[in-house]
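Some notes on the structure that comes next.
Nothing in this text is a laboratory measurement; each read-out follows from the coordinates by a stated rule. Everything numeric here is computed off the predicted structure, so don't read it as measured data. Note that each Cβ is placed from the backbone with ideal geometry, even for glycine, and that neighbours are counted across all protein chains shown.
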Amino acid sequence: MKVSFIGLGKLGMPCAETIAKRGGNTVNGYDIVDKKSKFVKIRNNLADAVKGSEIVFVATPTPHDNDYGGEKPVSHLEPKDFDYSSVIEVLKQCNDVMNKKQLLVLVSTVLPGTTRKHFAPLVTKTNFVYNPYLIAMGTVKEDFLNPEMIMIGTEKGGKSRQALILTEFYKNVLGHEPRTEYCTWDECEAIKIFYNTFISTKIALVNMIQDVAVKNGNINVDNVTNALSASTNRIISQKYMTAGMGDGGSCHPRDNIALRWLSKRLNLNYDIFSAIIEAREMQAKNMATEILKHGKVIHFTSDSYKPGTTMTDGSYSLLVQHYIRQLGGVVSYGFGQPIDVHVLTHPGDTVELSDGKGIIFDPWRKYPKGSNVIHYGENANV
């Protein structure tokens, strides 16, 4: 099959290349930034990229302002919707050059109601499906090939002709048939964004248990969360049930910001998403406070939000560092300055102590125990 990918960023390019390498597909690609690929045929303009393609995927970003990233506190900021300007421009261009024999598929994250209100009226000359991905940066290929589910949103929902075309396409590319949810545009938008914010809520709740363990005493947070994570009858799954650093990335913090905006627009008269954001920030401040009890000069093993990457979008490590500075501490990168405390950003991180001096602060409680190792949330009185 001949397909196209418009938007070849952190999500688009890995997905496009994976499609090109599987199922005998030919993939054209276009991005406003120059790109190179051994597997995707990069075109100079959008019209050439979509010409003759049966399916055209749009993976353009829907960002917030930089201030809303989550690396610093955001709960005090006015809630805002995503910025859809790039998506709108691409959809307009696609509509001008596509026809009814083609299928236009949007994968970008948007709020419920956006496709029906803002996007669908722009797409009049071709078929239109909303099909967001549940993908984490750093594991894009793996998540694409092994999705927890595939969400296909159409105007009226159900197994429409367009939805079934996409189903067969994924069956061919993936080599298996994952669970597929056939929804309206609005339902599909809701599944995607509430999936993300459900994870944020779960992490915030688990890290609240860590705060209780530290402040109450006589509680090992892992004993509590291990018992809860084994209770799969009602708590759903064991994932995200280890207390530690809070959530980060380019999706979760900003999705809650957008949902705050949606709560306000729909006049829900309550805003649980503000509480999630505020909890995330106060948990980071509590952690910073505990770190500073052991010294003033602090080193973090990583600024990234995910192990094995250098990506810092919405980094919880950077959020904790913000509070370290706010509370009078110094964040050091280890150049010519004695370090009091080394904070292990990710499970499995290691440090080499100069002359055995310094404290190791482990929010995950994975580092071997020692007199200079602080297992955050594992109370010494237990």
- request: Would you give the gap between the C-alpha center of the stretch 157-214 and the C-alpha center of the stretch 68-110, rounded to a whole Å?
  value: 18
statement: Out of Pro132, Pro253, Pro121, a Gaussian network model of the chain with alpha-carbon springs under 10 Å gives the largest mean-square fluctuation to Pro121
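Could you line up Lys35, Lys239, Lys159, Lys202 from fewest to most neighbouring Cβ atoms inside 10 Å?
On the way: Lys35 15, Lys239 9, Lys159 12, Lys202 18.
Exposure proxy ranking, most exposed first: Lys239, Lys159, Lys35, Lys202.
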query: For the stretch 141-247, what relative contact order do you get, as a whole percent, if you take Cα pairs closer than 8 Å and at least 6 residues apart?
result: 24
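So if I place +1 on the C-beta of Lys and Arg and -1 on the C-beta of Asp and Glu, and nothing else carries charge, what would the dipole magnitude of the chain be about its Cα centre? I want it in debye, nearest 20. The partial results should precede the final answer.
Details: 43 positive and 39 negative charges, 203 e Å.
Roughly 980 debye, rounded to the nearest 20.
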statement: Most fluctuating of Tyr195, Tyr316, Tyr182 in the GNM of the chain (C-alpha, under 10 Å) is Tyr195
task: Assuming a ≥ b ≥ c are the square roots of the Cα gyration tensor eigenvalues, decide whether the stretch 2-187 counts as rounded (a/c under 1.5), prolate (otherwise, with a/b larger than b/c) or oblate.
output: rounded
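Less than 13 Å Cβ to Cβ from Leu327, Lys/Arg counted +1 and Asp/Glu -1: what total charge do the surrounding residues give?
Details: positive: Lys285, Lys293, Lys296, Arg325; negative: Glu290.
Net charge around Leu327: +3.
Taking neighbour Cβ counts within 10 Å as the exposure measure, how do Ile88, Ile209 sort from fewest upward? Show your work: numbers first, answer last.
Values: Ile88 14, Ile209 18.
So the residues, fewest neighbours to most, are Ile88, Ile209.
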task: Just the isolated ones, please: cysteines in the chain lacking another cysteine beta carbon under 4.7 angstrom.
output: Cys15, Cys94, Cys251
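With 27 Å as the limit, write out which pairs from Lys41/Lys171; Lys293/Lys357; Lys285/Lys369; Lys192/Lys366; Lys10/Lys80; Lys100/Lys156 have Cα-Cα distances beyond it, or answer none.
Numbers: Lys41/Lys171 23 Å; Lys293/Lys357 16 Å; Lys285/Lys369 24 Å; Lys192/Lys366 32 Å; Lys10/Lys80 23 Å; Lys100/Lys156 18 Å.
The answer is Lys192/Lys366.
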